[in-house]
1. If you rank 210, 176 by fewest surrounding Cβ atoms within 10 Å, what's the result?
2. Could you give the length gained on full extension between residue 276 and residue 58, defined as 0.36 nm per residue of separation minus the Cα-Cα distance, in nm?
3. Once you have a ≥ b ≥ c as the square roots of the Cα gyration tensor eigenvalues for region 233-300, tell me rounded if a/c is under 1.5, and otherwise prolate or oblate according to whether a/b is larger than b/c.
4. From the residues 55, 79, 114, which one has its Cα farthest along the dipole of region 51-126 in the positive direction, the dipole being from +1 and -1 charges on Cβ of Lys/Arg and Asp/Glu about the Cα centre?
5. When ranked by the protection proxy of mean other Cβ atoms within 10 Å per residue, highest first, what sequence do the peptides 281-288, 116-123 form?
6. Using a cut-off of 15 Å between beta-carbons, work out the net charge of the residues near residue 249 (Lys and Arg +1, Asp and Glu -1, residue 249 not included).
7. For a test of the definition: using alpha carbon positions, the gyration tensor, and the 1.5 limit on a/c, classify region 159-285 as rounded, prolate or oblate.
8. Less than 14 Å Cβ to Cβ from residue 52, Lys/Arg counted +1 and Asp/Glu -1: what total charge do the surrounding residues give?
Amino acid sequence: MRRVTHESCLIEMSHVAQVGAYIPSATNTRSKFPPPLVGMFLFLGTLLSLPDAHAAKFVAFFAPALDLITNLFPLFFVPGLIVTPAAMQGVLPVDFVKFFAVVSLGMISITVKSMYVVEFVMQMCKMQQPPSQQPRLAKKGEFTSWFSRELEHLFGVLTLVTGILALWTPSVQQLYFASASVFTFVFSSRLPRFLSPHVAKFLHPLIPTYFLCTALFMAQGALRGKGLIALLGEYLVAGGQWNKAAGNFIMFFLEPAIISFAFGLFARKKLLQENLVAIAAGAFSSSFVGILIMAALVRALIVPDDLGKALMPRATAALAIVQVSRFVSIRVSSYMS
């Protein structure tokens, strides 16, 4: 059996990242189709075209990277979440309430609609309902995190040291941002060990990560004489390359993470083949009808044009959430039976 180490995880993850970096240049730059999805379908097509024995070796080769990406997946969304206050600058409170209402009502209505569409198609085609697994609430103390206490301490020390050094050496600032982001995420992922299972079940690591990381940024920013909005501009550069800032570097790994969905799809190829019609119907209805639902909500609540246009891509959010929960098994902050 192949021995999985931290080194092998990083090496294999770099292979996936290299594919993600190459695909945009290999595809037509004028195309509107996202390059990471091109990579996902290329990987999936390759796996499906190989004999089972060869495909198993292909999957085993990338297994360490998939393990790392799976557990770090929520971290790649942290920069976009952290800079939310900067993105909401100039937005009136009443417009923010409208924005939140459209997102909430839209996600609920699209999710319910997709559920009924899929059930209807499955009944019409006489498909069997896939077996569902009910998670068991474990007792406190059975909590097992993928992240170790040593990793938490390592990034905690890095955050402290780089935060102090950055006060006199500005070139270290981006390293502080990156260390603080990883530390708060690892700490938040291990937080359920202090909580009851009923509370931990509903507490996603991104929630405490947002507040803790923002607090660290504000504390260090106060020592530098900079406000939160100025710091967020340094943390994530809109439209910048992956090496422009710490936030851009972290979010870059969303591309290989999307490509890695191919392995989850391949592992469930039998389930996908048996329910292809229902899945296609749910995906199409979520995308097409979902946009119409969001547009109707935007008009009904009289949302400003700029915010209304920004809400249109959110029509597929309900579909994306379901797909990610199926294809990416995020094991951080989990209860092991």
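Nothing in this text is a laboratory measurement; each read-out follows from the coordinates by a stated rule. Given the structure is predicted, the values throughout are model-derived calculations rather than measurements. When we count neighbours, we look across all protein chains shown, and the Cβ atoms used for this are built from the backbone with ideal geometry, even at glycine.
1. Fewest-to-most Cβ neighbours within 10 Å comes out as 210, 176.
2. Details: separation 218, 0.36 × 218 = 78.48 nm, distance 2.44 nm.
Gain on stretching residue 276 to residue 58: 76.0 nm.
3. Oblate, because a/c is 1.5 or more while a/b does not exceed b/c.
4. 114
5. So the peptides 281-288, 116-123, ranked by packing, come out 281-288, 116-123.
6. With Lys, Arg at +1 and Asp, Glu at -1, the net is -1.
7. Numbers: a/c = 2.91, a/b = 1.78, b/c = 1.63.
Prolate is the answer for region 159-285, as a/c is 1.5 or above and a/b outweighs b/c.
8. On the way: positive: 57, 269, 270; negative: none.
Every neighbour counted, the sum reads +3.
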